[in-house]
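Read-outs throughout are calculated quantities, based only on the coordinates presented, and are distinct from any laboratory measurement. Remember, predicted model here, so these are calculated numbers, not experimental data. As a convention, Cβ positions derive from the backbone with ideal geometry for all residues, glycine included, and neighbour counts pool all protein chains shown.
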Amino acid sequence: EEPLQMQALTGEWKLEKNQAEVDAPYDFGALLLNPVGETSRLSFDVEVDGDCPSVGIAVHVEETFTVGYYLLIDFGRRRIEFKSGVRMTERGGQMFPYEVELKSFHVDVIADGTILEAYVDGKIALGTRMYDQTGGCFGLYASDGKAVFRDIKVFHA
């Protein structure tokens, strides 16, 4: 486990040890975390509140948060979306249906070279490849509601 680094980029974040909270009912909050290594894992619990909140994980992003890979958990549409800032124009990214019934859950994201895997409450939710971007950092983001990310941890092999 690495010491956690957190840098608020947009939105009003409350940052504490291994915890970040943002209330973004009408905007977007982005938080930059530790760099992604050759084999890395981001782990956290998240609780959301709002009519149609969205929370997500960014992988291989810099301070601009514009180029990288994004996993969006969309409660309104009950799915996880995978999007790449590099190829956003090609079919608008990939969308994978996944039943997310709770407003509180545990997430693990593993980046191992070009492989990206996401687990929700210990079950595989998505597996894909990342070929275009390397380096950069993990990030968290939220919009259309309140999100509390707890027990945030970053591991490197």
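Side notes on the structure shown:
- Annotated for the chain: lysine pairs at least 8 residues apart or interchain, Cα distance under 20 Å, count 8.
- Most positive-pole-ward Cα, PHE105, PHE149, ALA118, against dipole of the chain from beta carbon charges: ALA118
- Length-normalised contact order of the chain in % [C-alpha pairs under 8 Å, at least 6 apart]: 38 percent
- Using θ = phi - 60° in the Karplus curve 6.51 cos²θ - 1.76 cosθ + 1.60, the 3J(HN,Hα) couplings for the stretch 104-112 round to 9, 7, 9, 10, 10, 10, 10, 10, 10 Hz; x is entered for Gly and Pro.
- Sites THR10 and THR128 - FRET efficiency at Förster radius 25 Å, r taken between beta-carbons, to 0.05: 0.45
- Computed from point charges on the beta carbon alone (+1 for Lys and Arg, -1 for Asp and Glu), the dipole magnitude for the chain about its Cα centre is near 340 Debye.
- Positive dipole terminus of the chain, leading residue within PHE65, GLY50, THR10 (C-beta point charges): PHE65
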